[in-house]
Every structure is written in structure tokens, then in C-alpha cells.
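I have placed the structure first, in the form of C-alpha cells, so that the comments after it can refer back to it.
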Amino acid sequence: MLFFHVEQLRYVVIELKTTKFDPRDAGQLGFYVALVEDRLRRPQHQPTVRMLLVADKNESVVRYALAGTTSPIAVSRYDLSPAEQAALPAEDALTRAVALELDDHTPPSTQSHRKHSSRSGSGG
């Protein structure tokens, strides 16, 4: 989820995981923040904040996974009822939606280059 804090002039990227914290989750969230920093953030904006909400976490694993991180990040545990958890979209569906959205915003010159490259790689 992407929010913009009007008073602090910063983007807030929130990722909701239906699983226990895994160090790879921090990397995935970092990818999303890098996209926001590159495509949306302006010089007058404060650094983007990242929040990772997980079903469960081990404090030591979180601490070591984030040891080298210098940007603002929070990892927190949440509790959902079974009905609330069932209402969440699948992670792969959200990933596909983001990928489609990014493709829609790719400049036409880059899109045509991609199409040309994939055709030339197929031998014809």
C-alpha cells in the first residue's frame, strides 16, 4: 500500500504479509521503496518510510535482517481473525497488479525496445 503523509511531505510504503517475518521480506519492501524514490519522490519530499506488517516475527531475526538499513523502517506484528485474513488478496495477485501498473507507465520508447529485443531473441 502506498500513502503520502501530507504534513511530513513523505511517502509511506506499507506491506502486509500473511506469514511470519522472513529477511527476504525486508528486501522486497526495499524494492518497492526504491521504485517510489525513483519515480515519485521529489526533492522537497522527506525520505520514504517503510512499514512491514507480519503475522508473526522473531525479534532477533528482525534485528539482524535490518542491521545494515539506514532508511526509516518499522516491522510490526498484527492479529487478524480468520474471516479478515481470508478477505486479503493473494500476494501473487498483488505482485501481478504492480507489474502491470509499472508496464503501463513505462515510456513508449522503452516498451518498443523491449518488444523488439524479445522478438530478436526468438530467432525471427
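The values are calculated or read from the model by the stated rules, or taken from the named source; none is laboratory data. Worth saying up front: this structure is predicted, and the values here are computed from it rather than measured. All Cβ positions, even for glycine, are placed from backbone atoms using ideal geometry, and neighbour counts span all protein chains on display.
Data overview
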{"quantity": "Given (1) within 18 Å of the chain's Cα centre (by Cα); (2) closer than 27 Å to Pro23 by Cα; (3) at pLDDT below 85, number of the condition Asp103 does not satisfy", "calculated": "(2)"}
{"quantity": "Some residue of the range 7-17 being of a type in the set (S, T, N, Q) and out of contact with any strand residue (DSSP E or B) (no Cβ under 7 Å at 6 or more places or on another chain)", "calculated": "yes"}
{"quantity": "Residue within the range 52-67 that is in contact with a Pro (Cβ under 7 Å, 6 or more places away or on another chain) and either modelled with pLDDT of 80 or more or not basic (Lys, Arg) (or both) present", "calculated": "yes"}
